[in-house]
Structure formats: structure tokens, C-alpha cells
Amino acid sequence: MKINFLIGILFLISSYTAQIKGVVQGVDSVATKPLKNVKITLLRAGTTVYSNEDGSFEILLGKQSPDTLLFTAKGYRSDRLVVTRQDRFAALNVVLVSGQLVREIVVSGGKDAHGISKLKTLHIEELTSAEFRKAACCNLSESFETNATVDVSMSDAISGAKKIQLLGLDAAYTQLQFENIPFLRGLESAYGLGVIPGTWLESIQITKGTGSVVNGYESMAGLVNFEFKKPKEMQRLGLNIYQNRFGRSELNLQGGQALTQRWHMGTFLSAATIYGAQDHNQDGFRDQALSSTVNWLQRFSYQGPKMEAQLGLLAYVDDKAGGQMSFSKQNPVGYGMAQQSQHFSVFSKTGFFGKKPAQSLGIIAQLKYQNLAGFYGQRVFSGQEKRVYLNAIYDDILGSADHKIKLGISFLGLQIEQFAQQPFVGVQLGLQRTELVPGVFAEYAYSGNRLSAVVGARYDQHNLAGDQFSPRAHLKYALTPQLDLRLTAGRAWRLPNFVIDNLSLLASSFEWQANQALLPEISNNVGASLVQGFVFRKRKGSLSIDAYHTRFAQQLVADRDSLFGVVVFKNIANNSLATVIQTELAYEVLRGLDLRLAYKFQDVRALYNGTLQTQVLLPKQRYFANLAYQTRNKRWNYDLTYSRYSAVRLPQEGSGKPWALLNLQVTRNFKKLECYLGGENLLNVRQQQPIIDAANPFGSTFDATQIWAPIMGWNAYFGLRFNVK
């Protein structure tokens, strides 16, 4: 009865509005391509939106019909189109002709700071730079602080490394990409999220469930794509300075410039450090590891009449030291932790346009080198990775623009070494392997008035895991102009790296028992979502409900329940699963005041100690609220974020406690300068005794890995953002 009532309300809300959607393209004497940031205005209703990266847009038709759509873009002639309520569900294709310059400057915006695109078939949530400015966002792990979909937690109390979780599963099961290039994979996965600056970001796209086969075979829980600022569109100079009360300082510089009319260059530099010894809980250990990080990203872009290209290189050095207060690299007394990581990679993305407007060939290439070395106490770890990646994608249409295909081939070549020392006995565990993975894929996309679908499959031939087939299907159906239903199903797999995937577990005295048999992890994911857009009292809002279920045909688990003081790594078949249900409401309460409320339920279980049990250190429930206010003159921004987490299960039948996190930031905007002041964990929540048996770090019961809440108390920070356009 309640479900019928809810569906009735959703249909009632949607009946008062009609949605117009479509794609804007630009044409010149050479080619036709999608246009981003085209200003689209309904003249009678007075509503304005901007087209997205792929030229797509969506706008609500007002109560008065017919109305006129006005399209304006810098460098193109404006155009008008009369629309009525009969045009709802229609997919408009608007082509603007290059010519007269429009005087009006098109500002960046595309879509709201937080939202799910109604045009895309896949369930993709996008975070933009406006969302990142709600928090300090000093590195990638902190880019999700105002987001309810992705969870961020600390891996251990010694290193302070952060990890993310999507659909209740660790980051190893989420495919991370930098503009569709593999990112933070392999040896980078342990510490990489805390190394890359968040100020380099332009946007983040979060895809739940198995993504497109074009991007690879590893998206078991989902895909997170990081878009960095583009050379042609970034500021001439951007500066960010950050300082907090715990001794963390950061300086980030980036700038873009035109080398020629077609070549542009972007330079990104970053230096970060954590200094000072702090021990607020008086357990003899530093609350956070000292660190120093230097980053450099250099990228180039070329836009020609028949091709486009992006080239770049990324390099960083990261150095950490933690442990007991008496320990330092110069004076290694007591229990210490150290980690050194060096990274260098080069990448290229090249696109060639065909004779037809929608015909193109794209080639992505990457070369990467990663070195990692360090220790936790007497447990030494090391690794080295060499990677080459190629992906060639051919795009075309079949008959009309409603039918599109993508065909391609890919190749991964990988040499990876990873080792870890066992405590006391000095036995070394690890693996050394070479992977050669050629693959082929095909994907078909259909776009109709109400129905759109993406169906694809890929075949990969792995020299160790054998032949792997990954079919995937995504479906979107517009039940009403404002209510969309999405369905997804697919198969994904990966080859585990049991040392790096569980590196934080070295921050204990527990022995590792590892099965040296290398078996691929295989999962099947199904999901469904409902997204309802609405207008209430002339203000926009949306309500989304989604559910995803992941079932592993095969998984490598770290069992901490079978034997006391032992971590048992074992392959289990058909005995691990994850079910996640999330609902989220977003609404503009008043002009400039936006509210988001969310609730998430997670049921993640696997075979531990012979019983199907809940995964350790994972809260079953999370409550989320975000309140953002911007004054009418846009000079002040106020952002408040609250999250409450349920209790977690600890190994050996232990249990944590529920806890809450409250963050606040105030930003003052000037013409070229932003000043921000914020506080984190304002409720001063701290996990008591985060390190078990801290007084005896070389004993058999020492454990710094059971972290489920903050360990440092409240934090205050301030910063400056300076931009020259």
C-alpha cells in the first residue's frame, strides 16, 4: 500500500512538468562535433541550462506552452526552436553553425554541482568543481566528503592512509580511471588516493554497477572516472594554499596557456607536508604519519580539423614516516613505519574524425613505472610495477543517430613484484608475475524517445587467468517525463594482488597464511534505480532510489576470524555477496539554499570461519545530510555536512560503536580570490584505544588495523584560492 502511494505521488508530481532533452552540435567547414557549455534558455519560462561535455542537455518546459528555446554559444550563430508539450520525450538534435561571435561569455556549469544525468543510459552521478569547493579537497580521498555514494575510511592507525568503498566493496573492486585511462591500479592502490591533489580536479563521474565494456573488465562494484582540468579551459594561473591545526600544509599551482592556435599546455605542481609530532590519545604513537609529497603533471592538447590529441606525463614522490613518538628515520628507536613511493607515467589520447559526423577512431596509450618500499615495525614490504596499456575504439552509427556502435581492441602488459615479510619467523610472502592480456570488445547503443539501451561484451585472453568473457547490459526507460527507470546487469573480473590489496594489515603482529594459487576473482552484478525529478513551489528537486546486488562466483578473502592472531587468505566460491540500497533527496529549499538527504543500507557478507558473516569494519547503515547556502551576491558560501554511521563488526566477535561526523566550511569570494575557513569532526568523535596493546608493539597481540572511527578529534583549517582567468 505504501509503495503504491509513493508511486502515485511521483506520477502526480511529474504530471505537472514536461522535460525537453537533446544534443547540441557545432558544424564548421571541416567537421561536426558536440558542443559543451552552450547556453539554452526557455524565453517564456525564463529557465536557463548549459549543455554537458558531450553536448547533451535537459530542461523543464514551463506551464505556458508553446515556448521558444534559444541556443547561444561563443563562436557560433545563435538559433531558436519552438517547442510544445508534445515534444516531451523527444530527443532533439540541434546543430549550430560556426560564424558570428556571440558577445555573451558562456560560464562553466553544464549541470548542477551534484546530480544524475537523465540523458545517460547508465546510472552516472557527477561531481563538479562547485561540489569540491564545499570542502578542503586537498587530495582525491577527500573529494568525496560531501557525497553519500562513496565511503572513505582509514586503513590503519599507523600510516593514516585512506581508502574508498563503493557498493560496500573496497576500492580494489572499483575501476579507477583518469579520463578513461587506468589510474591508481596495482602498487598505487595502497596510498595513491592521498597523493594526488584534489585541486587538479574538474569533475568526477561515479558509475554504479558494471560499467561499459569499452573501459575494461575490472569494474566489479562500479567505475570512478577523474577528470582533471583541461589546458585550453583552465585558468592562466591557479593557486591553492592550505593549512590545518594538525601540521598539514599544502601548496598547489596550476596554469594553462596557448602555445599556438591549436596547441595548449597545462602545468600542475603540488607540494604537501605533514610535520610535528602529535599524540592526543597518549598511547605513545603518532596520531598521523609525517609525510612529504611532490607532484608534477604536464599535459598538452591539440585540436585540429581532422584530429584531436592529448599528451601528458605524471610524476610524484611520496615519503611517509610514523609509529612511536620516539621513532624517526634519523633515530630509528622503537616501533616505526616508513614508506617511499616513486611514480612516473606518460599517456596519450588521440582521436581521428571520419567523413561522417559521428565516425571516429580513438587511441589511448599509457606507460607507467611504480616503485614502493617500506616497513611496519619489523615487517618489510616492497614492490615494483611496469605497465603498458593500449585501447583503440572505433565509433560509428548504424543508419541513424539512434543506433550507435563501438568496436575496439585493447592490450595490457604488466610486470609486477610485491613482497611482505612475516613477523618473527622472517618468512617472505608475495608474488612476482607477468600479465599479457589482449582483448576485443563491441558495444551497441540505442536511443529512442523513451527507451535507451547499451549492450556490450568483451573477450579477454589472460595468460594466467585464461579466457574471460564479460557481457553487460544497461537499460533506461522514461516512465514519465520526470521519472526514469534504469536496469543493469553484467559480469566483471580481476586478478587479485593479495599483498598490496591488504598492505594495511601489516600494521599488526598477525601471521599471514596465504594460498599461493592465483585464481581470478569473478563477480556478477545486477541493479535497478528510479530517479524522479520534480518542481515544488517553483524550485527544482530530485528523488532517487537504487539497489545493487553483487554476487561473487569466486573471491579471495582475508579471514581474520578463523584463527586468533592469524590472517588466512583463501579462495571461496559462491559464498560472498554484497547488497546495497540507497535513497537520496535533493531540493532547493530557498533561493541559494540547497538540501541533500540520503540513507544507505549495506549488507556485505562472506565465508569467515566457516560461516557466512558480515564483513568486518563496514557499517551497515549510513545517514547523510548536506546543507549548502550561497548569498545572493555570491560572496559567501556556507556548507554543512553530517554523516552518521552504524556500529561495525570487529574480528573475533567484537563490535564498534555508532558514531557521527560533522563538517563545516565558510568561504568568502572576491573577484580573483577565495578565502575559506573550515572545521572537521566538530563533534570531536574519537575512537578510544585505536591501537590494541600499544605498550607492546612487538608482542603477539599488537594490532593497529581495527579502525572504524576518527582517531584525532576535531580539526580546523584555512586556505586561499587565487585564480587569474
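VAL648 falls short of the stated requirement of being β-branched (Val, Ile, Thr), within 28 Å of ASP693 (Cβ to Cβ), assigned by TED's automatic domain parsing to the domain that holds ALA478 and surrounded by fewer than 21 Cβ atoms within 10 Å (Cβ to Cβ).
Would you confirm whether or not the stretch 295-315 contains a residue that is in the same structural domain as ALA507 (by TED's automatic domain parsing), out of contact with any strand residue (DSSP E or B) (no Cβ under 6 Å at 6 or more places or on another chain) and farther than 24 Å from ALA392 by Cβ? For the stretch 295-315, residues in the same structural domain as ALA507 (by TED's automatic domain parsing), out of contact with any strand residue (DSSP E or B) (no Cβ under 6 Å at 6 or more places or on another chain) and farther than 24 Å from ALA392 by Cβ: absent.
Does SER143 fit the bill of being at pLDDT below 95, surrounded by 23 or more Cβ atoms within 10 Å (Cβ to Cβ) and either in contact with a helix residue (DSSP H, G or I) (Cβ under 8 Å, 6 or more places away or on another chain) or outside any loop (DSSP other than H, G, I, E, B) (or both)? When the stated conditions are applied, SER143 passes them.
Only one entry of LEU682, LEU677, LEU664 meets the criterion of being crowded, with 16+ Cβ neighbours inside 10 Å, without any contact (Cβ under 8 Å) to a residue 60 or more places away in the chain and not in a loop (DSSP other than H, G, I, E, B), and that entry is LEU664. Looking only at the stretch 26-50, count every residue that is modelled with pLDDT of 85 or more, assigned to a loop (DSSP other than H, G, I, E, B) and polar (S, T, N, Q) and tell me the total. Counting residues in the stretch 26-50 that are modelled with pLDDT of 85 or more, assigned to a loop (DSSP other than H, G, I, E, B) and polar (S, T, N, Q) gives 1. Within the stretch 352-364, the residues that satisfy the criterion of being small (Gly, Ala, Ser) and either touching a residue at least 60 places away in the same chain (Cβ under 8 Å) or under 21 Å from ASN93 (Cβ atoms) (or both) are GLY354, ALA358, SER360. Filtering the stretch 372-405 to residues that are without any contact (Cβ under 8 Å) to a residue 60 or more places away in the chain and under 30 Å from PHE698 (Cβ atoms) leaves ALA373, GLY374, PHE375, VAL380, SER382. Taking the conditions (1) farther than 30 Å from TYR459 by Cβ; (2) out of contact with any Gly (no Cβ under 6 Å at 6 or more places or on another chain) in turn, VAL224 satisfies each one other than (1).
Condition test on SER14, is it at pLDDT below 75 and either closer than 30 Å to PRO305 by Cβ or small (Gly, Ala, Ser) (or both)? Yes. If you check VAL317 against the conditions, is it modelled with pLDDT of 95 or more and either surrounded by fewer than 21 Cβ atoms within 10 Å (Cβ to Cβ) or aliphatic (A, V, I, L, M) (or both)? For VAL317, the condition - modelled with pLDDT of 95 or more and either surrounded by fewer than 21 Cβ atoms within 10 Å (Cβ to Cβ) or aliphatic (A, V, I, L, M) (or both) - is met. Go through (1) assigned to a loop (DSSP other than H, G, I, E, B); (2) surrounded by 22 or more Cβ atoms within 10 Å (Cβ to Cβ); (3) in contact with an Asp or Glu (Cβ under 8 Å, 6 or more places away or on another chain) and name the single condition ASN240 misses. For ASN240, the exception is condition (1). Among what's in the stretch 578-624 and is in contact with a Gly (Cβ under 8 Å, 6 or more places away or on another chain) and not in a strand (DSSP E or B), pick the residue that is farthest from ALA553 (Cα to Cα). Step by step, filter the stretch 578-624, then rank; the result is LEU617. When the stretch 320-334 is limited to residues that are part of a strand (DSSP E or B) and at negative phi, the one that is modelled with the lowest pLDDT turns out to be PRO332. Here GLY699 meets the list (1) in a strand (DSSP E or B); (2) surrounded by fewer than 15 Cβ atoms within 10 Å (Cβ to Cβ); (3) of a type in the set (Gly, Ala, Ser) almost entirely, failing just condition (1). Does the stretch 282-303 include one or more residues that are aromatic (Phe, Trp, Tyr), farther than 30 Å from GLY713 by Cα and at pLDDT below 95? No, the conditions are met nowhere in the stretch 282-303. Taking the listed residues GLU179, GLU227, the one that is surrounded by fewer than 21 Cβ atoms within 10 Å (Cβ to Cβ), on the phi > 0 side of the Ramachandran plot and touching a residue at least 12 places away in the same chain (Cβ under 8 Å) is GLU179, with no other qualifying. Of all residues being more than 30 Å from GLN340 (Cβ to Cβ) and among the aliphatic types (A, V, I, L, M) in the stretch 391-433, which is farthest from the chain's Cα centre (by Cα)? Just the residue, please. So the residue we want is LEU398.
Is it true that some residue in the stretch 650-659 is out of contact with any strand residue (DSSP E or B) (no Cβ under 8 Å at 6 or more places or on another chain), in a strand (DSSP E or B) and among the hydrophobic types (A, V, I, L, M, F, W, C)? Looking for residues that are out of contact with any strand residue (DSSP E or B) (no Cβ under 8 Å at 6 or more places or on another chain), in a strand (DSSP E or B) and among the hydrophobic types (A, V, I, L, M, F, W, C), one finds at least one in the stretch 650-659, hence yes. Listed by first and then second residue, the pairs linking a residue in the stretch 712-725 that is in contact (Cβ under 8 Å) with a residue 24 or more places away in the chain to a residue that is of a type in the set (Val, Ile, Thr) and in a strand (DSSP E or B), with Cβ atoms under 7 Å apart and 6 or more places separating them unless they lie on different chains, are GLY719/ILE241; LEU720/ILE241.
When you check ALA136 against the structure, is it free of Cβ contacts under 8 Å to residues at least 60 places away in the same chain and surrounded by 23 or more Cβ atoms within 10 Å (Cβ to Cβ), yes or no? The answer is no for ALA136. Those strands (runs of 3 or more DSSP E) of the stretch 54-121 in which at least 3 residues are at pLDDT 75 or above, considering only elements entirely within it, cover 56-61, 67-73, 76-83, 91-97.
Here is the figure for the stretch 407-463: residues that are within 30 Å of SER509 (Cα to Cα) and either surrounded by 15 or more Cβ atoms within 10 Å (Cβ to Cβ) or at pLDDT 95 or above (or both) total 12.
Reported count of residues in the stretch 564-583, each being touching a residue at least 40 places away in the same chain (Cβ under 8 Å), of a type outside the set (Lys, Arg) and farther than 18 Å from LEU618 by Cα, is 7.
The values are calculated or read from the model by the stated rules, or taken from the named source; none is laboratory data. Remember, it's a predicted structure, so these values are computed and weren't measured experimentally. Because the Cβ atoms are built from the backbone with ideal geometry, glycine has one as well, and the counts that use them run over all protein chains shown.
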